[in-house]
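As structure tokens, the structure follows; a few thoughts come after it.
The values are calculated or read from the model by the stated rules, or taken from the named source; none is laboratory data. Bear in mind the structure is a predicted one, so any value in this text is a computation, not a measurement. Because the Cβ atoms are built from the backbone with ideal geometry, glycine has one as well, and the counts that use them run over all protein chains shown. Accessible surface is based on the protein model in full, side chains and every heavy atom, while ligands, DNA and RNA are left aside. Shrake-Rupley method; radii C 1.70, N 1.55, O 1.52, S 1.80 Å.
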Amino acid sequence: MLDAATLDSLAAAFAALGRLHREAPDETALRGFRDLIEDWPLAALEPEGKDSAAGPSNAGPSNAGPSNAGLPSAGLPNSGSSSAGPSNPGPSYPAPAGAAAVGEAGTADASTRTRWHGGTDAGRAATGAGMEQIRESARAGETPEEIRRDHDLLYGDTAAARVAPYESVHRGVDGLVFGEATLEVRAAYQALSLQAPKLNQEPDDHIGLEFDFMAQLTLQVIDALYGDDAARAEKLMTHGTDFLRDHLLAWAPQMLDLATQHAQTHFMKGVVLLSIGALDSYAELLDLPFERP
């Protein structure tokens with residue numbers, strides 16, 4: 001049986017990480033994410049080997065629907081939308097009162113979310129290490145400019161990428177963007193009436209967009225559960241299982257491993273490690289193998 005509280009936690013994590021893979025945070029968003037990390041929706045194994053205890057662990061899901069308060073979105077707009085760009089909302093889901101993106105209203109209301117204690121020990125250890133890197137970023141006083149420079153050099157925003165963030169580069173025979181994987185990912189988005197914000201200008205298979213797709217699909221599952229439409233929820237979860245198995249898990253673990261080696265700031269290392277933990281958590285929920293390099 002699908003659990004809305006667990007799905008809500010996963011949607012929140014994937015939405016936040018998708019945005020941070022897509023674009024470096026400004027000063028307000030950086031401060032908000034650092035504050036949010038103590039209420040991270042996925043459980044962690046801290047360095048001493050104990051589950052992280054910050055935030056509520058027994059609260060049930062809110063009747064208001066999925067609670068994404070305080071978490072940024074990478075933004076896969078509806079395919080019929082006339083606007084574009086990373087800040088666009090995805091499908092229209094009513095948010096709880098007071099919900100707003102990091103950078104506009106600070107951190108999430110932790111009382112509306114259950115921290116999910118799933119995932120393997122290795123995945124929760126990656127989450128714990130990621131949380132510690134975000135804390136270290138704050139202690140070291142890393143600035144938005146330093147993080148933006150690292151993001152740029154890591155993913156090739158304006159320069160040659162140390163680690164290409166596109167699935168087609170890692171899986172295609174010739175290592176080029178806009179390959180077969182890009183078109184497959186585009187079709188998966190279109191099945192949910194979503195599309196990349198800069199269609200035909202930038203590849204659809206950026207890791208940030210694929211993370212955001214999983215977040216938005218999960219929100220649609222939650223929406224179906226609250227609407228007592230179990231058949232639609234199951235159909236959506238099948239679509240999500242196929243996408244996670246055939247796309248994200250087929251390339252992102254290797255790409256993220258490379259990113260941990262090349263990231264220069266604590267913040268970006270934290271984002272990458274949190275992403276490994278999030279993928280592990282979702283894979284474990286769906287009983288999919290998560291093969292690390």
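Some observations on this one:
- With Cα atoms defining each centre, the range 178-240 and the range 250-269 are spaced 23 Å apart in the structure.
- Phi-based couplings in Hz for the range 254-260 (Karplus 6.51, -1.76, 1.60; Gly and Pro marked x): 5, 5, 5, 4, 4, 5, 5
- Computed over neighbours whose Cβ is under 13 Å from that of H206, the net charge equals -4, Lys and Arg +1, Asp and Glu -1.
- Heavy-atom accessible surface of the range 141-293: percent carbon and sulfur, 1.4 Å: 48
- Highest mean packing comes first when the peptides 19-27, 244-252 are listed by Cβ atoms within 10 Å, giving 19-27, 244-252.
- With DNA, RNA and ligands ignored, accessible area of D229 (1.4 Å probe; Å², nearest 10): 70
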